[in-house]
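Structure, as C-alpha cells:
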C-alpha cells in the first residue's frame, strides 16, 4: 500500500513537471530574426537641458533579420517640431529583452544618438522601450526620461 502511494506521488510530481514545460518553452521564443519587420511607435517623456522640457514623437522603422534599423519620425521638443530620419542597430535576446542604438539625423546630419533597453511581449508583436542614454552630436550627454511603445505593423500570427 505504501508503495502505491509512493508511485502515485512520483507520478503526480512528474505530471506537474510535464505540464509546466510547455508554459516555460512558450515564455522565451524571441530571437534576432523574430524582431525583423515593420514597426510603428510613439514616445513621450522629458529631457533636462538644463530645464525640463516635454518631448514626444511618432514614427516608423524597419528592422531586418540581423538587427539593422532604419525609418523616420516626427519629433517635438517643447513644441518645436521636426521631421527626422533614424538608423541604427538592435539586438534581441532569447528571453525577449534587447537593446538598440539609434542615430537621429536631419538632412544627413547627426543630431543625437540614443541607446535604449527593450522588451518584446504579445508574441513578439509589441515592444516597450526606455531610453538609457541620450547624447548630442557634439558629445553632450542629456539627462532624459523617455519611454517608447511600439507595435508591429503586420502581425506574425
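Values quoted throughout were computed directly from the atomic coordinates according to the rules given, and no laboratory measurement underlies them. Everything numeric here is computed off the predicted structure, so don't read it as measured data. Methodologically, a virtual Cβ is constructed for each residue, glycine included, from the backbone with ideal geometry; neighbour enumeration extends over all protein chains shown.
Pop the C-beta distance of residue 121 and residue 87 into the FRET formula with R0 = 35 Å and round what comes out to the nearest 0.05. Result of the calculation: an efficiency of 0.90. Taking 0.36 nm per residue of separation and subtracting the Cα-Cα distance, full extension of the segment from residue 40 to residue 58 would add 5.7 nm. For region 26-157, what percent of Cα pairs sit more than 18 Å apart? Result for the distance tail: 51 percent. Taking only the Cα atoms of region 98-147, the ratio Rg/Rh comes out at 1.06, with Rh defined as the Kirkwood radius. Computed on region 69-120, the Cα convex hull volume stands at 84 Å³ per residue.
Working from label points 7 Å from Cα in the Cα-to-Cβ sense, the residue 31 to residue 68 distance is 2.0 nm. Contact order for region 99-152, expressed relative to its length and based on alpha carbon pairs under 8 Å spaced 6+ residues apart, stands at 28 percent. Remark: spin-label model distance residue 106-residue 136 equals 1.3 nm, labels positioned 7 Å along the Cα→Cβ axis. How high is the relative contact order of region 33-152, given as a whole-number percent (alpha carbon pairs under 8 Å, six or more residues apart)? Normalised by residue count, the contact order of region 33-152 is 23 percent.
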